[in-house]
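The values are calculated or read from the model by the stated rules, or taken from the named source; none is laboratory data. All values reported here derive from a predicted model rather than from experimental measurement. Methodologically, a virtual Cβ is constructed for each residue, glycine included, from the backbone with ideal geometry; neighbour enumeration extends over all protein chains shown.
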Amino acid sequence: MATLTERDAGVLGALAEVFPTWQGEGIHVGRRHLFVRLAGCEVGCRFCDTPAALRRPARFSVRAAAGEESHDNPVDAARAAALILDVDRSDGPFHRLAVTGGEPLEQPAFLADLLRRLREGGAPPVLLETAGTEPEALAEVIGSVATVSMDVKLPSVAATTPGWDTHRRFLEIASRVEAYVKIVVNDQVDPRDVERAIEVVRAVDSELPFLVQPETRRDGGLAAKPERLAEVALAAERGGLTDVRIVPQVHKGLGLP
Ligand code: SF4
């Protein structure tokens with residue numbers, strides 16, 4: 001019998017993978033999340049650690065306790081929601097549904113439809129992991145999101161085009177719900193980029209969590225020395241931010257996906 005979410009056709013989109021694991025970044029680090037990775041991203045960060053999700057593959061995987069299934073892209077949002085809601089939760093509940101990418105907001109109509117169906121189907125609260133570059137798309141889905149994990153991209157580290165005003169507009173919308181900002185830094189970080197990121201957060205809400213994340217090299221080591229991380233964190237505190245934390249990517253150290 002068709003589930004509630006499969007009764008009407010939905011918007012087509014592309015997924016990369018669905019899998020359960022423990023959150024490795026941000027303020028909910030260490031909590032068990034079900035990850036829903038959307039496919040495709042045009043942001044172009046030099047340090048991207050999900051290169052397989054930059055393009056839209058012909059098929060996507062759903063991994064769970066019972067094994068792994070493969071499904072075709074593009075996928076209807078109704079079908080995608082049903083697959084996600086069907087993932088076995090007998091090991092225990094998921095604290096959040098971590099909707100990530102790629103850049104999930106690059107498929108705004110699909111994402112909005114998917115999140116609506118997941119909410120109606122009783123899915124866990126959604127944590128949206130995003131590069132913070134699509135404020136108009138965020139405005140369309142913010143009502144279905146519990147937490148926004150937003151990157152502020154530093155051009156000297158990510159090699160991306162500066163987007164400070166876009167990041168500020170994005171954060172204004174994100175801060176309607178639980179939100180935090182993450183910057184990825186390495187030893188080449190330009191202090192002026194750090195200052196601009198601090199300004200973005202201070203302009204919206206200086207009490208938002210501000211996470212300094214060292215870039216993880218491909219060999220698993222960190223591309224930022226401890227003293228550089230401390231410099232950045234202390235600059236953020238001197239800049240008026242009240243909740244500054246240094247948090248590396250824990251999942252990589254633990255060998256988790
Ligand atoms: S925004 Fe994320 S997925 Fe896109 S290039 Fe940057 S790190 Fe990779």
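Examine the range 34-48 for a residue that is modelled with pLDDT of 95 or more and at positive phi, and state whether such a residue exists. Yes, the range 34-48 contains a residue that is modelled with pLDDT of 95 or more and at positive phi. Please indicate, with yes or no, whether at least one residue in the range 75-86 is touching a residue at least 60 places away in the same chain (Cβ under 8 Å), in contact with a His (Cβ under 8 Å, 6 or more places away or on another chain) and either within 14 Å of the ligand (Cβ to nearest atom) or closer than 30 Å to Ala223 by Cβ (or both). So far as the range 75-86 goes, no, none of its residues is touching a residue at least 60 places away in the same chain (Cβ under 8 Å), in contact with a His (Cβ under 8 Å, 6 or more places away or on another chain) and either within 14 Å of the ligand (Cβ to nearest atom) or closer than 30 Å to Ala223 by Cβ (or both). Looking only at residues in the range 147-166 that are outside any loop (DSSP other than H, G, I, E, B) and within 12 Å of the ligand (Cβ to nearest atom), the one that is nearest to Glu42 (Cα to Cα) is Ala158.
Put simply, of Ala159, Ala109 the only residue that is at positive phi and among the hydrophobic types (A, V, I, L, M, F, W, C) is Ala159.
Of the residues making up the range 107-122, those that are touching a residue at least 40 places away in the same chain (Cβ under 8 Å), part of a helix (DSSP H, G or I) and not hydrophobic (A, V, I, L, M, F, W, C) are Asp113, Arg117, Glu120. Against the condition touching a helix residue (DSSP H, G or I) at 6+ places or on another chain (Cβ under 6 Å), within 21 Å of Val148 (Cα to Cα), surrounded by 16 or more Cβ atoms within 10 Å (Cβ to Cβ) and of a type outside the set (A, V, I, L, M, F, W, C), how does Arg245 come out, does it pass? Taking the combined requirement at face value, the residue does not satisfy it. Of the residues examined, Arg117 is one that is basic (Lys, Arg), buried (at least 24 other Cβ atoms within 10 Å of the Cβ) and farther than 22 Å from Ser175 by Cα. Taking the criterion of being more than 18 Å from the chain's Cα centre (by Cα) and either surrounded by fewer than 20 Cβ atoms within 10 Å (Cβ to Cβ) or under 25 Å from Thr216 (Cα atoms) (or both), would at least one residue in the range 92-101 satisfy it? Checked the range 92-101: at least one residue is more than 18 Å from the chain's Cα centre (by Cα) and either surrounded by fewer than 20 Cβ atoms within 10 Å (Cβ to Cβ) or under 25 Å from Thr216 (Cα atoms) (or both). For Gly67, are the conditions met, namely being surrounded by fewer than 18 Cβ atoms within 10 Å (Cβ to Cβ) and more than 22 Å from the chain's Cα centre (by Cα)? Considered against the rule, which asks whether it is surrounded by fewer than 18 Cβ atoms within 10 Å (Cβ to Cβ) and more than 22 Å from the chain's Cα centre (by Cα), Gly67 comes out as yes. For the range 198-207, the condition holds for no residue, the condition being that it is farther than 23 Å from Thr133 by Cα and at pLDDT 95 or above.
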